[in-house]
Amino acid sequence: MEIPSKYNPADVEDKWYQYWTAHGLFHSEPDGREPYTVVIPPPNVTGVLHMGHMLNNTIQDILTRRARMLGKNACWVPGTDHASIATEAKVVAKLRSDGISKANLTREQFLEHAWDWTRNYGGVILTQLKKLGASCDWQRTCFTMDEARSQSVIMVFIDLYNKGLIYRGKRMVNWDPAALTALSDEEVFYREEQSKLYYLRYRIEGEEQYVTIATTRPETILGDTAVAVNPNDPRFTHLKGKKVIVPLVNRPVPIIMDDYVEMEFGTGCLKVTPAHDENDYEIGLRHNLEIIDIFNDNGTMNADATMFIGDDRFDVRKKIIPELERAGSLVKIEDYTNKVGYSERTNTVIEPRLSTQWFLKMTELAKPALENVMNDNITFYPARFKNIYRHWMENIRDWCISRQLWWGHRIPVYYLPDGRFVLAQTREEAMTLAREQMPDITDAQLRQDDDVLDTWFSSWLWPISVFDGIRFPDNDDIKYYYPTNDLVTAPDIIFFWVARMIITGYEYRHNYPFKNVYFTGIVRDELGRKMSKQLGNSPDPLELIAKYGADGVRVGMLLCSPVGGDLRYNDSLPQQGAGFATKIWNAFRLVKGWQVDATLPQPEHSRLAIEWFRHKFGAILEQTNVHFEKFRISDALMGVYIAVKDEFSGWLLEIVKPEYQHPIDGKTYSEVIGIFDSLLRMMHPFMPFVTEEIWQLLDERADGQSIMTATWPTARCCDEALLAQFDDAREAVSGIRNVRTKYNIANKDKLQLFVLQGDKGYAPDYGSIICKLGNLSALTRVEKEIPDAATFLVKSTTFFVPTGNFIDAEEELEKLRKELAYTQGFLKSVMGKLNNERFTANAPEAVVTVERAKKADAENRIRSLEEQIRALVKD
């Protein structure tokens, strides 16, 4: 068998991915096995693979592949989200580039373009995930606007309305002037900015006296309908019942008394603009104030502003200041730091605005979702996210679920000419219901609500709807795969998505949607900045895969990704991952390159090494399983990494490999191949491609066989005493190698080793391993120290290596004296601490114990150095 000298991922990855899919190895159907279910957080249909996706989906794939190897019926459901705002923006931009305006299209014409765009450009990310090795059940791919999911959304809307949980009302909402739609509170993020605080004076009607207010938004004075003061503020009690004149528009508005006003903040006077501030709106309701909306949908001034009509709100902020100065109304301007709300979708400053929208009552729905996270029926990893979740759920507000868009699930409400409405899954059903109320109604008279539902109103059903559990609540899939096992997601959508899925899980299945939630960290650059297109600090994941291989990138992403902790990315990480793949490949080439002689007996050092490794592997595997149970995926990988790189390649293969141009015995070779097979199976979830390639070459396989469906290794009991004895032998070998380095003795030169055995540090059974790796001509136990020899300690056992024929005495004396002086100085500093009564009395006992151990080690080293110096001087 010709094995390439170098591992080339490009030659391997597409080959094995096609093999896996061709043999249906990712597909799952309900059967008698225990199910293991994961649903992918559906990426936007507009999306392309980024570093966060890479981390998230690598973890999902690791969990899925391991579950499959544990004998479970693993089902990882992929899909995409229709992403109303993002997709509509993409389609509008595409139309604009083609010279078409959305305003000139009917809704139906626009939706044709949107579906064409989705079919042609959408879902690219799913194809990209295949390059990563994602073992999704592609036959189950879902889209939040496919027929099954769309019908499910409409059914849930109608059901919640019928339960009295959905209502329509005019309320203050977050308005996105770029997307021209309302947003939920969770779709708004706040950014701290350096703003200006404008102090403006309002003349008291009929007097030459003024009150001064402070605002960051002077453009909104055009919509002011009151000035409020605290009724307990003695500065303003004389103003009760009076009015002030709003600058520029000269509108008389009342001075009102309201406890909301903070006496210590600003001037103590608050301008009230009920149409454009949520708190002002509440004040307006309490005092029955006029509401003047001065903005158009796109953030420009409307006719009710009376000034700057058609100008953008931020342009008006600049233009109004000179006007206020000329009117004598501007007192001063100060620098001011405040938090400004932005649309999570368009990065546009949101505008609080009164709007008629559809809302979902959340308070009662949220109760079981909160309870079952706090009592750990659903477990968060890391657990600290429980407090964040609790705070939000305990302060949850009604959810604005309507959006002023065309792309999405259209609200299933149909209006009769007299304003009454019916809810129905189809227009035909709506017409039937409408005729019960108005028998002579025509189709043209029945109008469906123009708005669509918030994108999250479909994705909150995801764990149920991917198995069609809303339309068919008793179908085989939903009964078998639900609840799912693990959800892997980013913490920034804990409210958007995670909490809401838990809510629908209890509302529609009376059970949690997933048992465990693993929150990944954020991928950041070396400067700690979140990776983004805007900063240009995010590498192209596909380019990384092309350069380092999918396995290299997967390992690199996970090596420094603690559960819930952020990942500081740099290119050395996938380089390290690719180097690990090369290490595995080289170990495979080494083993497969040995000539085998079945007639040879197994050497003692090989027997001992294989026995040791089996126990060591058992310990590592047991710890790896514990890491998986606690979702310490990075720690699990590190255990595998050490097992292969250090224990297997660095020690086992070095012990058992035959001498140059000599064969290996058949028993050792067979056992090493078996060990390699177990290691490959433990590595497979992390590195699917290189492990499949080597596993297929390791032995003859039938068509359709794959390491994917091989059994996860079983942990055997490990003998801790045996492992400790091997560690002593390993330390002795390291001591011999240090002697060679120190005295510049070539590895080919055989050495003698004498052992003055103490109560621990040497097990004679492992002498053959020390002889093999140390290249010894003899290993002899002695009862007294050997003169003229280099020494080292392993615990209480002293080892002697005669070096007389290999060293320059004068040069060695100089090195020893320097080391002696350094060690004596070190001992002096340690004794300074231990002789200090304040230190020994006040320092923790563990710290004092460490210092005493340092003292003992230094004294032992000094004695050894003095002996070596005396021996050389005597010569």
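Taking segment 320-330 as the range and being surrounded by 16 or more Cβ atoms within 10 Å (Cβ to Cβ) and either assigned to a strand (DSSP E or B) or basic (K, R) (or both) as the test, only L330 passes. Filtering segment 482-497 for residues that are of a type in the set (V, I, T) and in contact with a Ser or Thr (Cβ under 6 Å, 6 or more places away or on another chain) leaves a non-empty set.
Please verify whether segment 657-671 includes one or more residues that are among the aliphatic types (A, V, I, L, M) and assigned to a helix (DSSP H, G or I). Reasoning before the result, please.
Here is the first cut: in segment 657-671, the residues among the aliphatic types (A, V, I, L, M) are 664.
Then drop every residue that is not assigned to a helix (DSSP H, G or I), which leaves none.
There is no residue in segment 657-671 that is among the aliphatic types (A, V, I, L, M) and assigned to a helix (DSSP H, G or I).
Just to verify a result, which residue in segment 27-66, among those that are modelled with pLDDT of 95 or more, open to solvent by less than 20 Å² (accessible area, probe 1.4 Å) and over 17 Å from the mean Cα position of the chain (by Cα), is nearest to E526 (Cα to Cα)? Out of the qualifying residues, it is R65. Got at least one residue in segment 541-555 being under 14 Å from the mean Cα position of the chain (by Cα), assigned to a helix (DSSP H, G or I), farther than 16 Å from F385 by Cβ and not small (G, A, S)? Checked segment 541-555: at least one residue is under 14 Å from the mean Cα position of the chain (by Cα), assigned to a helix (DSSP H, G or I), farther than 16 Å from F385 by Cβ and not small (G, A, S). The set of residues in segment 171-217 that are open to solvent by less than 30 Å² (accessible area, probe 1.4 Å), of a type in the set (A, V, I, L, M) and part of a loop (DSSP other than H, G, I, E, B) contains only A179. Exactly one residue out of L461, L487 is modelled with pLDDT of 95 or more and touching a Pro at 6+ places or on another chain (Cβ under 9 Å): that is L487. Scanning segment 438-455 for residues that are β-branched (V, I, T), part of a loop (DSSP other than H, G, I, E, B) and touching a residue at least 60 places away in the same chain (Cβ under 8 Å) turns up just one, T455. The one condition from (1) closer than 30 Å to P685 by Cβ; (2) surrounded by fewer than 18 Cβ atoms within 10 Å (Cβ to Cβ) that P78 does not meet is (2). Screening the candidates E622, E654, E659 for the property of being open to solvent by 10 Å² or more (accessible area, probe 1.4 Å) and under 30 Å from Y518 (Cβ atoms) yields one hit, E622. Remark: pairs (first residue in segment 469-493, surrounded by fewer than 17 Cβ atoms within 10 Å (Cβ to Cβ); second residue modelled with pLDDT of 95 or more and part of a helix (DSSP H, G or I); Cβ separation under 6 Å; 6+ apart in sequence or on different chains) = R471/Q151; R471/S152. Residues that are over 20 Å from A809 (Cα atoms) and not in a helix (DSSP H, G or I) were ranked within segment 717-749; the one that is least open to solvent (accessible area, probe 1.4 Å) is C718.
Which one of these is modelled with pLDDT under 90, over 20 Å from the mean Cα position of the chain (by Cα) and among the hydrophobic types (A, V, I, L, M, F, W, C): M69, M1? Even if it seems obvious, please write down each step before you answer.
Working: M69 fails: modelled with pLDDT under 90.
Going through M69, M1 in turn, the sole match is M1.
So, restricting to strands (runs of 3 or more DSSP E) that lie completely within segment 762-839, which ones have at least 2 residues that are exposed (fewer than 13 other Cβ atoms within 10 Å of the Cβ) and charged (D, E, K, R)? Give the derivation first.
Numbers: elements: 776-781, 789-794, 797-802.
In segment 762-839, no matching strands (runs of 3 or more DSSP E) lie anywhere.
The values are calculated or read from the model by the stated rules, or taken from the named source; none is laboratory data. For clarity, every value in this text was computed on a predicted model and none was experimentally measured. When we count neighbours, we look across all protein chains shown, and the Cβ atoms used for this are built from the backbone with ideal geometry, even at glycine. To get the accessible areas, we keep the full protein, side chains included, count just its heavy atoms, and leave off ligands, DNA and RNA. Shrake-Rupley method; radii C 1.70, N 1.55, O 1.52, S 1.80 Å.
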